[in-house]
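Read through the structure below, which is laid out as structure tokens, and then see the notes.
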Amino acid sequence: MYTLSNVAQHHFSGPQDVYALDVHRTEAGLATISSDQQLSLLSPARLGDGPASAWRTQHGNLTALRVFDRNSSLVCTAGEDGTVGVWDLRQQGPAARAAQFNAAQAPILSMACSPSTHLIAVGTELQNHSASIHLWDVRSAPSPSSRAHYQEVHGDDITELAFHPSDPALLLSGSTDGLVNVYDTRVADEDDMTVQTLNHNASIRRAAFLTGTQVLALSHDERFALWDVAEERENGDALQDFGDLRPLLGCRYVADVMGKTDGSGAIIGAGAQDRQVFELIFLAKNQLPGPEWVFDRQNSVGLPGGHGEEIVRSFCFFDDAQLVFTAGEDGNVKAWRPGN
């Protein structure tokens, strides 16, 4: 393991404690959301200067931030009132809000964006015995048009959505009902659109495509497993079941699991607030006989001190600048890089 040093930080403050909830990379800078309902743009090079721009979102309670197009610095936010906001971070003031529309009739808990197909998918909380997925086409912004509405795919809150990285017609969803589903959104009939259903037997917190055919899932109690959704594994059995990651990785919680865009593995962000440590661990292809995927602890990255005794909620990378950014419940966004 090698370690990075905390070289800069910004603290969000207010009349009450403010959590830094999420952080994403865009061409314009770091897009962040915080528990005071703010969307902020921070400069990676001048983090300590504070937000270059900040906007008060209007979602009731802000629940999600996703990048729609990194190169164009377009991001989407969503919240408990069922609305979605589309933001152009290159603009100043009110002009940055490119669109705001009613996307669902229930609180939005999850969101995914597909710039190549101009789609935003949102997943809702269970309300009136139904949890829904809505697809919206944003080409008609500022009044996006509804593309599809699925309301019988999960029996509880829909906590995760993700489009396939190379085939955006495929959409993945995860729910507190313990299921991860993969859909072909080109199929019009909701009864026929499900390609695969995977049962994690635990409430889903994170799910994503690991490779073209493999899917990862992390539960709210830190259980982690991988599946292959290729046709030859139609029974849906887990390819690898790692169980509870806490004893395996020596952590108290997992902040996020982020698949690498080239399909070579994933980065697991794991922390222990009692020991004030946070670590980025690479899930890599096994080069030795044994399971297909292993945790590469030798090449893991330590962030000493982490966010103190508070939980890290999110992280992202600027590989070209050798920078890692973390956002935590201490209200800080921190920059980390190799020491001299």
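The table for this structure:
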{"quantity": "Rounded accessible area per residue of the chain, 1.4 Å, Å²", "calculated": "44 Å²"}
{"quantity": "Cut-off 9 Å between beta-carbons: net charge of the residues surrounding residue 203, Lys and Arg +1, Asp and Glu -1", "calculated": "-3"}
{"quantity": "Over the stretch 178-220, relative contact order from alpha-carbon pairs under 8 Å, at least 6 apart, %", "calculated": "36 percent"}
{"quantity": "Modelled FRET efficiency - R0 41 Å, residue 288 with residue 169, Cβ distances, 0.05 increments", "calculated": "0.65"}
{"quantity": "Taking the chain and dividing mean pair separation by its residue count, relative contact order in percent (alpha carbons under 8 Å, at least six apart)", "calculated": "15 percent"}
{"quantity": "FRET efficiency, residue 220 to residue 1 (Cβ-Cβ, R0 35 Å, nearest 0.05)", "calculated": "0.80"}
{"quantity": "Residue-averaged 222 nm ellipticity for the chain, from DSSP H runs of 4+ at -39500 (n - 2.57), nearest 500", "calculated": "-500 deg cm²/dmol"}
{"quantity": "Residue 317 versus residue 275: modelled label distance in nm, points set 7 Å from Cα along the beta carbon direction", "calculated": "2.3 nm"}
{"quantity": "Point-to-point label distance, residue 45-residue 17, nm (Cα→Cβ direction, 7 Å offset)", "calculated": "3.6 nm"}
{"quantity": "Cα-based equivalent ellipsoid of the stretch 232-298: semi-axis lengths in Å, sorted from largest, via gyration tensor", "calculated": "24, 14, 12"}
{"quantity": "More than 16 angstrom apart: percent of Cα pairs within the stretch 250-340", "calculated": "55 percent"}
{"quantity": "3J(HN,Hα) from dihedral phi, the stretch 98-103, Karplus parametrisation 6.51/-1.76/1.60, rounded to Hz, x for glycine, proline", "calculated": "6, 7, 9, 9, 7, 9"}
{"quantity": "Candidate values (1) 32; (2) 14; (3) 19, label of the one derived for percent of Cα pairs over 35 Å apart", "calculated": "(3)"}
{"quantity": "Contact order relative to length of the stretch 1-138, as percent, for alpha carbon pairs under 8 angstrom and 6 or more apart", "calculated": "14 percent"}
{"quantity": "Estimated FRET transfer efficiency when R0 is 30 angstrom, pair residue 241-residue 58 (beta carbons, to 0.05)", "calculated": "0.10"}
{"quantity": "Carbon/sulfur fraction of accessible area - the chain, other protein chains in place, 1.4 Å, %", "calculated": "44 percent"}
{"quantity": "Potential lengthening between residue 186 and residue 199 on full extension [0.36 nm per residue; Cα-Cα distance subtracted]", "calculated": "2.3 nm"}
{"quantity": "Model label zone, residue 72; criterion: amide N under 17 Å from point 7 Å along Cα-to-beta-carbon; scope the stretch 91-109", "calculated": "91-92, 95-101"}
{"quantity": "Under 14 Å, Cβ to Cβ, from residue 122 - net charge with Lys/Arg +1 and Asp/Glu -1", "calculated": "-4"}
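The values are calculated or read from the model by the stated rules, or taken from the named source; none is laboratory data. Remember, predicted model here, so these are calculated numbers, not experimental data. FYI the Cβ positions are ideal-geometry reconstructions off the backbone, even for glycines, and counts take in every protein chain you see. When the accessible area is computed, the model is the full protein with side chains, heavy atoms only, and any ligands, DNA or RNA have been set aside. Shrake-Rupley method; radii C 1.70, N 1.55, O 1.52, S 1.80 Å.
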